[in-house]
Amino acid sequence: PASRGLVANWKQQPGMLGMRFTFHNEHNRPFLTDGSADWLWPTAERAGIPLMLLMPSALDILDKIAAAHPGLKLVIDHVGLDRRKPNFWDDLPAICALAKHPNVALKASGMPSLSTEGYPFRDLHSRIRTLVDAFGPKRTFWGTDLTRMPCSYYECITLFTEHLPWLKGEDLEWVMGRGVCEWLGWPLPRA
């Protein structure tokens, strides 16, 4: 409860552009349903603070939050898939359905860990395209989650920059960093 007072002035702190919350484990998941986090959504919306949320298996709750708080920028962390489920890709349509909310973006991070193949992870290519087609390049953000990747940082990058021939030009620029910078209000260096 004491944290509520920190939200209004959060972005006045040097380097603070948003907040990230994880609701993926048994300790934090109940906060989504027991009312503990209910105050956060309108408070962050009023303060203009984008939120990155890791909440697999709670896509229905995210849908309700996005609808109730259209001024609140939300980012689905790590593709939104519950990797503990044996058929986690079955949730892909539900994740893509969240793109109907213009205030929801997707962090396409950790993708190589979802593959059953080696680099360049060909089994991910069509799924990445499905995500980008749903959210668009301006709301699909590349990321790594490097500590859990079965490959190098370079391969995490080149999966997107060299092995997805349909993703190029300005769309590639948006996915590879411009989009998240714009979403968070992170100033880009002048060219």
Problem set entry | Segment Lys138-Glu182, extension gain: residue separation times 0.36 nm, minus the distance between their alpha carbons | 15.0 nm
Problem set entry | GluC sites (Glu not before Pro) restricted to DSSP loop in segment 132-183 with at most 16 other C-beta within 10 Å | Glu162
For this session: Quick one: grab the alpha carbon gyration tensor of segment 86-163, order the square roots of its eigenvalues as a ≥ b ≥ c, and give me rounded if a/c is under 1.5, else prolate or oblate depending on whether a/b is larger than b/c.
Result: prolate
Exercise. How much net charge surrounds Ser152 when only the other residues with a Cβ under 14 Å from the Cβ of Ser152 are counted, with Lys and Arg +1 and Asp and Glu -1?
Worked result: -2
Exercise. Considering lysine pairs in the chain that are 8 or more places apart or on different chains, how many have Cα atoms under 20 Å apart?
Worked result: 12
Problem set entry | Inter-site label distance for Arg122 and Ser36 at 7 Å from Cα along Cβ, in nm | 4.6
Problem set entry | DSSP loop trypsin sites (Lys or Arg not before Pro) with at most 16 other Cβ within 10 Å excluded, longest remaining stretch of the chain | 85-167
Exercise. In percent, how large is the relative contact order of the chain, given Cα pairs closer than 8 Å and 6 or more residues apart?
Worked result: 16
Seminar exercise, completed: For segment 23-63 the chymotrypsin sites (Phe, Trp or Tyr not before Pro) that pass both the DSSP coil test and the at-most-14 other-Cβ-within-10 Å test are Trp39
For this session: Would you compute, from DSSP H runs of 4+ residues alone, the mean residue ellipticity of the chain at 222 nm, taking -39500 (n - 2.57) per run and dividing by the full residue count, rounded to the nearest 500?
Result: -8500 deg cm²/dmol
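Report the full-extension gain for the segment Lys85 to Tyr154: residue separation times 0.36 nm, less the Cα-Cα distance, to one decimal in nm.
Values: separation 69, 0.36 × 69 = 24.84 nm, distance 2.83 nm.
Extending this stretch completely gives an extra 22.0 nm.
Readers should treat all values here as calculations from the given coordinates under stated rules, not as data from a laboratory. Note that the coordinates shown come from a computational prediction; the quantities given were computed from them, not determined experimentally. We place every Cβ from the backbone using ideal geometry, glycine too, and count neighbours over all the protein chains shown.
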